[in-house]
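Quick note: the coordinates plus some simple rules give every number you see, no bench work behind them. Just so it is clear, the model here is predicted, and its values are computed rather than measured. A quick note on method: Cβ atoms are made from the backbone with ideal geometry, for glycine too, and the neighbour counts reach across all protein chains shown.
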Amino acid sequence: MQTVAELRAACAELRGSQETFPFGASTLVFKVAGRMYALTDLGADPLTLSLKVRPERGEALRAEYPGIVPGYHLNKRHWVTLTLDAVPQALATELLRGSYALVVAGLTREQRRGLEETAAE
């Protein structure tokens, strides 16, 4: 995921993922069931991606990778911002899926059931 197209494709694979622009035309926000799990600045060069993480994981990631910093304009404890060309591709993909999973885990049972029904169609 080093381009917006690759990021969009990766998010499109996640059940119920939606692209939105709640913060203006340059900030692409990915949501599931109306809750944000990833966002990027379309004009950033290199491309960055902000993702939700467990606080202890975020601390460890920031300590290990210079390309991962506290979430820009987000809760620094629960969000990290990755510079995509500065972190391993597999790690970026893992963190994207993990962010999605954290958000889905926080949904109500009914919302999760709705996602499962969408997948069955």
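All other residues whose Cβ lies under 15 angstrom from that of THR20 are scored, Lys and Arg at +1 and Asp and Glu at -1, for a net of +1. Ellipticity at 222 nm from helices only: DSSP H runs of n ≥ 4 in the chain, each -39500 (n - 2.57), divided by the residue count, give -12500 deg cm²/dmol. Rounded to the nearest Hz, the phi-derived 3J(HN,Hα) couplings of the stretch 7-12 under the Karplus curve 6.51 cos²θ - 1.76 cosθ + 1.60 (θ = phi - 60°) are 5, 4, 5, 5, 6, 5, where x marks glycine and proline. Rounded to the nearest Hz, the phi-derived 3J(HN,Hα) couplings of the stretch 62-73 under the Karplus curve 6.51 cos²θ - 1.76 cosθ + 1.60 (θ = phi - 60°) are 5, 6, 8, 10, x, x, 10, 10, x, x, 6, 6, where x marks glycine and proline. Of the labelled options (i) 13.9, 43; (ii) 14.6, 47; (iii) 23.6, 89, which one gives Rg and Dmax of the Cα atoms in Å as computed for this structure? Matching entry in (i) 13.9, 43; (ii) 14.6, 47; (iii) 23.6, 89: (i). Normalised radius of gyration (Cα atoms, divided by 2.2 N^0.38 Å) for the stretch 12-54: 1.14.
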